[in-house]
Each structure stands twice: as structure tokens, then as C-alpha cells.
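Here is the structure we will look at, set down as C-alpha cells.
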Amino acid sequence: MFSLLLADDNALECQITSDHLRGAGYRVTSVTDGLSALDQLRQQPFDLLIADVLMPRLDGFELCRRCREEAALRGLPIILCSGSYTEVNERQLGLGFGANRYLLKPVDPDLLLREVASLLQQKRQPPQPGSETSDDTEEQMQLLRTYNEVLFRKLDRKMHELTQQLEISQQTRNQLLHNEKLAAIGQMAAGVVHEINNPLSYLRSNLGSLQTCSRRVRQYLEALEAFVTAGPTSPQREALRQLRQQLDLDYLLAESEQMLHDCQDGSDRILAIVKDMRSFSRKDEEHPGLADLNALIRSSLNICHNQLKYHVELDCQLAELPLVPCYPQQISQVLVNLLVNAAQAIEQQGHIRIRSFSADGQACVEISDSGCGMSAKVLDQIFDPFFTTKPAGIGTGLGLPISADIVRRHGGSLRADSQPGQGSRFCLCLPLAAQPTTAEI
């Protein structure tokens, strides 16, 4: 039985090729890099070597060249395979270094078996001593120059591909961040509509009442003008007094001021909701800025107000903090996610405490809830992508992983503590001094 050595760093391709060769009756030993292949060849005899060109530690070209330099390996049949080095001059380079065959991946299994059988039948004879000449040396030098040119060209191409992949990865990450924002907005949409609808309802109602007030005041003023024009008489004064009572003018004048105040308050509320939602949903700035962390907390509470107000008692303890270098929209996204999670963890009535403080050169926000809490097993997985304990359609499993990634890229930390039945506590800390990684967010 012939013994073959297979060198390929692609585990799947290596396994498929090994199984195919074994099925044809060959004994196969496989390694994952060129240096290991060379060690195997020096330790035990093999009838044929099949090697990938692009391998770690020692590529196929160099492996082939070293085999031809060693007397014991000079006559070993070698098949080089490559899916990266596919140009004509690269194939010639492999043959120039001493390969007997140069096959392009994906290699047809039947073709490989035919080439193996052919080479085993006509074993390559080692060259006679003293046959090398200066022309051979010059040829080897030319091969090495070509080899270097090929390597530099491949390296340049690979760097270009990696740069493109990095750009695509960054674009994908940015889009994922934005999609998570939109998902959060979608979950809060009904609440936001309700929040806007309430002040809008009493705005419309009060405006209708103000219109009625205006008509009655106008009616009274017209009567008063007629009274003044005609000259005051006792019957006319009495008629004017009765009209004032009939129109309930004293009450309307007093109530209209309160209505106008309510309208102003309602319009301010709508403006704040729209402003906070617009700020939260828009894409991030290209460069970080200095942000008031307490202001971001208040804005996030405003966005989440409807999810909190019916069953959550808030306890805000916000200490005075210096401005924090960050991307405000991203930090708002983290805060909104933590607040929504805290609210959803409270099934009936409960409380959420929000505390801001500074420590060790960091600005910190601690959000704790009286919800159902988490087991140690769940706590270990909450930052894993797509892990969620929420029902289908409620959670995507991306909120906390993305939040943790945002904080990490800001040079900060996001920690969680929880016990089943005792609620959860999340602590977000951001450095007060700009971090080098911030520019890469």
C-alpha cells in the first residue's frame, strides 16, 4: 500500500481529500502546515506528497524547494494544489521549484486520483551528482525573484481585500446599531403614540373650549358696546348683569388662563417627545463630543415614559457630573435599552432606581430594578448575541450585546448583578478622559 502525505490548513478540504484517497486504497497522513510536512518527510518515508500552496509557517512553494534540496527527498513526487495562486506564471513557479503537477482548486477527485496513480508509476529519479551548473544557479535565482514578486503581489491584494472587508464590517456594524435603534423605536411606538395622543387630546379639547369662551366674550363685549353707545340706564345695566351671569363670563375668564397653560404644557410635552425620539433614532455623528450624562438619562426616561409610568416608581439620584466624551446617540441607546429591560422585568408593580456618580476617573450610571431577577446561568449569557429570555416578538437578543459593544468601544464597562427574585442591577461606566478607541467607534 502506497503511503501519501497530505498538507493542507483547510480542515474540511483536507478531510474530504483524505477520505477520497483512503477510499482508493492509499494510506494517508495529514498535517496542517508546511513545516510539519517537512518534519514528517524527514522522519518517515512517503511515496508522494500532496500540498496546498497557501499554508502557515511554510508555504507549498518553499516546501517543494526544500524537498528538492535534500538528497533523501529529491526524488519524492509532489503535487501542488492552489485556489489562490492560479495565474500561469504562478503555476510555472510551482513547477520550477520542483513540483511534478500543479492543480487548481477545487480539484476534481477523479483527476487527483489519476495524477497520483501516474506519478507513483513513474517515480522521479534524483539528478546525478555534479549535474548542476551555474546556469541552474541562475535559474534558481530567477525563480526566487519571481517567487518574491508573486508573494508581494499576493500580499498587496490580500491587504486590499482585508481593507475592503474591514470597511464592509464597519458598515454592517453601523447598520446593525441603527437597526437595533429602529427595533427599540418599534417596540416603543405604541407607547409614544399614546404619549403624544394624551397631550394632543387636551390641546384639542382646550382649544375647542377656548373658541366657545371667545364667542361668549365677544357676545358680551358687543352688548357692552351697545350699552355704552345708548347711554347707561337702569334696565340696561340689569340686562348686562344678567347677560354676564348667563354667559358665566367670570368663570370663563378665570378658566381660559388655565386652559392656555394646559395647552402650552401639552405642546411642550409633544415637542420634547418628538425631539428626544428624533435624537435617539438618527444616525450617529462622525466624531464624538462632550455630553451631559444626566441630560441623556432624562432624555431616555422621556422616551421610555409610557413603559414606566403605569407600574414603575422611579427613584432618580443624579449627582453633578463633568461632561463625558462620547457619542451621545449611542449612549442614549444603551440607557434606553437598560431602562426598557428593567421595566419589562417588573411584571406588576415595582420600582427602578437610577443613580449617577463619578469614581476613579469615570462617570457611572447604575440602574437597578425590583423585577424577577436572573439565575447565574442566564446572567452568564445575557451579553451573547441573540440570547433572550423574552417571548417571541418581544426581544431580539441583540440589545445587551450591542450595548456592551458600544460601551467597550468607548473604553468603558457594563456590568450586571442579579439574583432570582431579587431584581437586577446594571452599572455603566464611561471614562471622563477621551480614550484612544473612541475614534474607532
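Every number in this text was worked out from the coordinates using simple rules, so none of it is lab data. On a predicted model such as this, the values are computed, not experimentally measured, just so you know. Heads up, the Cβs are rebuilt from the backbone with ideal geometry, glycines too, and the neighbour counts pull from every protein chain shown.
Any idea how far apart Arg415 and Gln317 come out in nm if each label point goes 7 Å out from Cα toward Cβ?
Between Arg415 and Gln317, the simple spin-label model gives 1.7 nm.
For a quick protection proxy, order the peptides 54-65, 72-83 by their average other-Cβ count within 10 Å, most packed first.
54-65, 72-83
I need the peptides 160-169, 288-297 ranked by packing, meaning the mean over residues of other C-beta atoms within 10 angstrom, with the highest value on top. Walk me through the numbers on the way to the answer.
Details: 160-169: 10.0, 288-297: 17.6.
With the highest mean Cβ count within 10 Å placed first, the list reads 288-297, 160-169.
Can you compute 3J(HN,Hα) from phi for each residue in the range 377-389, using the Karplus curve 6.51 cos²θ - 1.76 cosθ + 1.60 with θ = phi - 60°, rounded to whole Hz and x for Gly and Pro?
5, 5, 4, 6, 10, 5, 9, 7, x, 6, 7, 8, 9
Which value in nm describes the separation of the simple spin-label points at Lys377 and Leu290, placed 7 Å from the Cα toward the beta carbon?
For the pair Lys377/Leu290, the computed spacing is 4.9 nm.
Based on the alpha-carbon gyration tensor of the range 284-441 and its eigenvalue square roots a ≥ b ≥ c, which shape applies: rounded if a/c is under 1.5, prolate if not and a/b is larger than b/c, or oblate?
Details: a/c = 1.74, a/b = 1.39, b/c = 1.25.
Note, shape of the range 284-441 comes out prolate.
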